[in-house]
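As structure tokens, the structure follows; a few thoughts come after it.
Only the coordinates and a few stated rules stand behind these numbers; no lab work does. These figures come from a predicted structure and were not determined experimentally. Cβ: placed from backbone, ideal geometry, glycine included. Neighbour counts: every protein chain shown.
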Amino acid sequence: VDRVLRGRIDDRFSTVHLGGLNLDAREARGIRRVKILGCGTSYHAGMIGAQLIEELARIPADAEPASEFRYRNPVVDPDTLYVAVSQSGETYDVLAAVQELKRKGARVLGVVNVVGSAIAREADGGMYVHAGPEVCVVSTKCFTNTVVAFALLALHLGRIRDLSVSDGKRLIEGLRKLPAQIAEILKTEDEIKKIAEEYAGAQSMMFIGRVRGYPVALEASLKLKEISYIHAEAYPASELKHGPLALIEPALPTVAIVPDDELLEKNRAALEEIKARSGRILAVAHREQEKADHTIVVPKNETELDPILMGIPLQLLAYHTALAMGRDIDKPRNLAKSVTV
Ligand code: F1P
């Protein structure tokens with residue numbers, strides 16, 4: 001696991017390239033909608049991908065678990081670009097969705113880590129994310145690389161549609177800064193470990209985030225569940241007041257994603273609601289949050305890249321929580337490297 005976590009600081013994202021997309025400019029201009037399919041971590045990375053495509057290419061986009069999509073007789077539309085995401089490239093729910101789409105004549109791209117895997121072979125084109133082998137079962141660095149791949153795809157689609165030329169320069173600069181910033185986050189590991197040891201006894205944890213932070217909250221709660229077996233829920237921060245606030249009490253810590261963006265004040269208001277109910281708060285933020293009991297401060301980059309920089313300390317949090325609880329992190333119970341049924 002250690003090797004997996006440290007693998008992130010490699011400059012591998014620069015090897016993600018768009019040459020295999022098999023999508024010419026005319027086809028790219030004809031895309032009316034993008035639908036992203038994946039399971040688990042890949043689904044969460046796909047949610048961020050959909051937001052990036054909407055923001056940077058202004059194409060309506062959404063993500064759905066492949067395991068839901070394949071059972072619900074969805075409308076398959078020729079003007080929609082389907083994107084299948086999978087670390088292993090073998091997850092059966094994703095593969096079955098891809099095969100069904102292909103039978104119905106849809107164009108499907110793959111965003112896959114394992115070269116030559118089944119999903120990569122079935123897809124019409126796509127990107128390899130080159131995250132290197134995921135040594136343990138749980139997908140971590142592949143999440144980071146998949147988000148980077150989607151940032152590049154979104155910029156590419158935006159550029160073809162005559163958008164995001166300035167976004168392009170800004171974001172490429174931002175991507176270049178990532179390895180050094182990730183290395184900085186990894187230097188705070190001891191601090192994260194101490195925090196994790198405090199939360200290791202919790203029965204349950206709440207994760208909240210807004211817009212870009214919501215898929216990060218989902219992914220962080222999944223990581224915690226997968227390797228520590230602590231029950232965790234993730235909610236969009238603004239959904240708290242629609243029910244889950246009833247759960248908040250000192251025994252239910254909340255991890256809140258609080259970036260310095262246009263939603264900062266809204267996120268701070270959510271922290272106040274939690275504090276008013278004596279909830280403990282761990283914030284992941286760009287500066288100390290006074291309402292929080294602990295803040296993990298991450299470096300600032302372009303806002304679109306916040307999910308990457310905010311996701312990594314929470315992978316470390318899950319790792320150290322599981323370690324403190326004596327879990328077998330490399331072989332978590334009930335979890336297969338690729339889910340084949
Ligand atoms: C999808 C996934 C992983 C999870 C576990 C089970 O795999 O849900 O995200 O960590 O390994 O499978 P993949 O399609 O991305 O290989």
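Applying a 10 Å radius around every beta-carbon, put 152-160, 37-45 in order of their mean neighbour count, most first. Write out the running numbers ahead of the final one.
Details: 152-160: 22.4, 37-45: 27.0.
Order by mean packing, descending: 37-45, 152-160.
Normalise the Cα radius of gyration of the range 260-341 by 2.2 N^0.38 Å (N = residues in it) and let me know the number.
After normalising by residue count via 2.2 N^0.38 Å, the value is 1.38.
With the convex hull built on the Cα atoms of the range 180-335, state its orientation-averaged projected area in nm².
Seen from a random direction, the Cα hull of the range 180-335 projects 8.6 nm² on average.
Above 31 Å lies some portion of the pair distances; for the chain, what is it as a whole percent of all C-alpha pairs?
Every Cα pair in the chain considered, those over 31 Å come to 30 percent.
What ratio of Cα Rg to 2.2 N^0.38 Å holds for the range 18-116?
Normalised by 2.2 N^0.38 Å, the Cα Rg of the range 18-116 equals 1.00.
Given the peptides 213-226, 244-257, 119-132, arrange them by the average over their residues of other C-beta atoms within 10 Å, most packed first.
Averaged packing, sorted descending, gives the order 213-226, 119-132, 244-257.
Hey, what number do you get for the chain at 222 nm if only DSSP H runs of n ≥ 4 count, each worth -39500 (n - 2.57), divided across all residues, to the nearest 500?
About -14000 deg cm²/dmol.
Find how many whole Å separate the alpha carbon centroid of the range 200-224 from the alpha carbon centroid of the range 292-321.
11 Å
Taking the square root of 5 times each eigenvalue of the Cα gyration tensor, what semi-axes in Å does the equivalent ellipsoid of the range 2-177 have, largest first?
23, 21, 13
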